[in-house]
1. At 7 Å along Cα-to-Cβ for each site, give me the label-to-label distance between Ala213 and Ala75 in nm.
2. Rounded to the nearest 0.05, what FRET efficiency do Ser204 and Lys396 give with R0 = 35 Å and r taken as the Cβ-Cβ distance? Could you check?
3. Treat the count of other C-beta atoms within 10 Å as a stand-in for reagent exposure and order Asp381, Asp229 from fewest to most.
4. Between Ser421 and Thr253, what FRET efficiency comes out of the Förster formula 1/(1 + (r/R0)^6) with R0 = 35 Å and r the beta carbon distance, rounded to 0.05?
5. How do His136, His397, His62 rank when sorted from fewest to most other Cβ atoms within 10 Å of their own Cβ?
6. When Ser298, Ser196 are ordered from fewest to most other Cβ atoms inside 10 Å of their Cβ, what list results?
7. Given a Förster distance of 41 Å, report the FRET efficiency between Val101 and Arg169 from their Cβ-Cβ distance, rounded to the nearest 0.05.
8. Between Leu35 and Asp380, what is the label-to-label distance in nm when each label sits 7 Å out along the Cα-to-Cβ direction?
Amino acid sequence: MKDSIAAVAVFAARAAGHAPGSVSGRASLAGSDPLRDQADAYLDGLAEVARMEARLAGLKVHFAAGYADAAETLAAPARSPQEHTMHEMSLIAEVAGVLTVSERSAAALLSDARTLATALPLTLGALQEGMLSWQHARVMCDETSALEPPAAAALEAHFLDPDAPRAARGCPAGELVPARFRAKARSWRERHHPVSIEARHRRSAADRRLEYAPDRDGMAWLSSYMPADTASGIWARATEAARALQGPDEPRTLTQLRADVAADWLLRGVAEGTPSPTAQVLVTVPVLSLLGTGSEPSMLDGYGPIPASMARRIVGEGATSFLRVLTDPRSGAPLEIGRTSYRIPKAMRQWLRLRDGRCPFPGCSNPSLDNEADHLLAWDDGGSTGITNLGQPCPKHHRLKHATPWNPVDATRDKPPGWTSPSGRCYPSEEQDWEPPDLAPLGGEPPEWAPQEWVLPVREPLDWELEDLLEDVDSLDRPLPVDPFPEWASFAAA
């Protein structure tokens, strides 16, 4: 902590123009431009204060968990559940009084502190070192709460131990905004939950409903709880129809049009003049799950893991609003995209949606359906129309890229672009967390945290079954057209 205080003092002095130089570890021209150095000093100071806040949160966890242990040791053994509850209430009230917070907040702090101190050592260590914020630590506590200890340890190691088997790729957990970290942790949790996603989906689907809630200013909320494939299909159709209505004479925003289109559909059927929507939602399906010899979850674009049975139904019914993507049973990476169109630009856009998942700008969660394909290096500057020179930022960050010095960099076929800010800071890309199936070899045992449904099936699929599955008589038997765009041939053949 002394080092952090000293660093903040240096940054404050630089910001005041009293101490030239940079200690941030960034390449910089400190001192050559006093205003630039002052701006950098403010940013460096903000970053160091954020690390200090994380370290202070780690200290708070240490003292809260320590007090809980000490108070339980001091208290007389509880002779009944009621007496134990009174002891716990007294402990919570004491912490609430010391911190001047509500008892509910104190109870949440004590619960998280106990979890971090006893079950999540990597998370607590990263918090104490300033590598994770308190919000990230709380996400880890939430997402491991329903897991058995081995599964909780595996989730923690996946994101925080670079030497763990199949460690998370791309942007480190502490550099993701907490909401994006929660989404990635939730996806991992869904794949490794001790109760299969099939069983949990069946239970939750029985609770589907439509809800109405009045709000202020003559407005109200209408929300529906339904299966993810249904909700994603509705959202995609409404978005596509709303986009088609946009034009120079249309004053409504995309968000407003989406709401108006949905209201017209529900009240009057398809609205007059509303174009027929053709949007497609990507569904990533493990090959073994599609064969019925595996039960690993599939991934629904813009949502996350869905049951294998839902994915098989989507593929089996041939729904035109969904685009099937098969994943390799060896690596979990995309294997091929089902195609009904042979226009290469459309196939490229579909791959971009699969590669990026959402707007690739740091912290942005705008789903891929709302985003716009864009050259990273402009065509006029010599950029090619290859997959490694394309991104799909949302409209807001698309405008930011062209109007400010924010620049996307370093995209590959499988990795979205990172970004460089006007101050020269680099923000790595958030890569998709593809995983191969965690199946044991024949006669072996599955991972100790795996659901029972993941035990290897009686037999492995035969070679001809895999080959037959990957053939689509209507599209894949015919060769793709000659590619007029650089890099597409190697991309399609990889």
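1. Using points 7 Å along Cα→Cβ, the separation is 3.4 nm.
2. Values: r = 33 Å, r/R0 = 0.95.
According to the calculation, E is roughly 0.60.
3. Asp381, Asp229
4. 0.80
5. Working: His136 26, His397 23, His62 16.
Starting with the residue having the fewest Cβ neighbours, the order is His62, His397, His136.
6. Ser196, Ser298
7. 0.60
8. In this crude spin-label approximation the distance works out to 2.6 nm.
Rule-based calculations on the coordinates, nothing more; no lab input. Bear in mind the structure is a predicted one, so any value in this text is a computation, not a measurement. Methodologically, a virtual Cβ is constructed for each residue, glycine included, from the backbone with ideal geometry; neighbour enumeration extends over all protein chains shown.
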